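See structure below.
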Amino acid sequence: MRIKEIILTSYITYIIIMSVISFIIYKIDKVKAKNKKWRIKESTLIGFGFFGGALGALTAMKLFHHKTKHWYFWAVNIAGILFQIGLAIFLTNVL
């Protein structure tokens, strides 16, 4: 395997793992919200979304109807997707 393929495969694996984690923590936070339990910090949810898990975060937002009224969750996760796509394009063209 060439170095470019290894880097791109690693990046895609990272995005998938972060998306799954984001999806899970949004679900956990939704369950905690319903049960009036201690919640996951918004900065944690936003951070996971922006730094690799935006697809999972947006999917969870829509599926669980969680944090959908907060414009900044939409903005950060959409910006995260654009950043993740941009980085993938950069890695593809530069390596």
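The values are calculated or read from the model by the stated rules, or taken from the named source; none is laboratory data. All values reported here derive from a predicted model rather than from experimental measurement. In this analysis, Cβ positions are derived from the backbone assuming ideal geometry, glycine residues included, and neighbour counts consider all displayed protein chains. Only protein heavy atoms, including side chains, enter the accessible area calculation; ligands, DNA and RNA are left aside. Shrake-Rupley method; radii C 1.70, N 1.55, O 1.52, S 1.80 Å.
Evaluated at q = 0.13, 0.25 Å⁻¹, the base-10 log of the normalised Debye intensity for the chain, with identical point scatterers placed on the Cα atoms, takes the values -0.46, -1.21. Note on exposure: PHE51, PHE73 ranked by accessible area (1.4 Å probe, complete protein assembly) read PHE51, PHE73, with the most exposed listed first.
Expressed as a whole percent, the accessible surface of the chain that belongs to carbon and sulfur atoms is 73, based on a 1.4 Å probe. Look at the dipole of the chain built from charges on Cβ: of LEU91, HIS65, MET18, the Cα furthest out on the positive end belongs to HIS65. Only helices enter this figure: runs of n ≥ 4 DSSP H residues, each worth -39500 (n - 2.57), summed and divided by the residues of the chain, yield -26500 deg cm²/dmol at 222 nm to the nearest 500. Once all protein chains are placed together, VAL31 keeps about 60 Å² accessible to a 1.4 angstrom probe. Estimated at 0.36 nm per residue, the fully extended path between ILE7 and LEU82 surpasses their Cα-Cα distance by 25.1 nm.
Average accessible surface for the chain: 66 Å² per residue, computed with a 1.4 Å probe over protein heavy atoms with every protein chain in place.
Any idea what the relative contact order of region 1-78 is, in percent, if you count C-alpha pairs under 8 Å spaced at least 6 apart? Show your work: numbers first, answer last.
On the way: 78 pairs, mean separation 25.9, N = 78.
It rounds to 33 percent for region 1-78.
Straight-line reach from LYS69: taking Cα to Cα under 26 Å and skipping same-chain neighbours fewer than 8 places apart, the lysines in range are LYS27, LYS30, LYS32, LYS34, LYS36, LYS37, LYS41.
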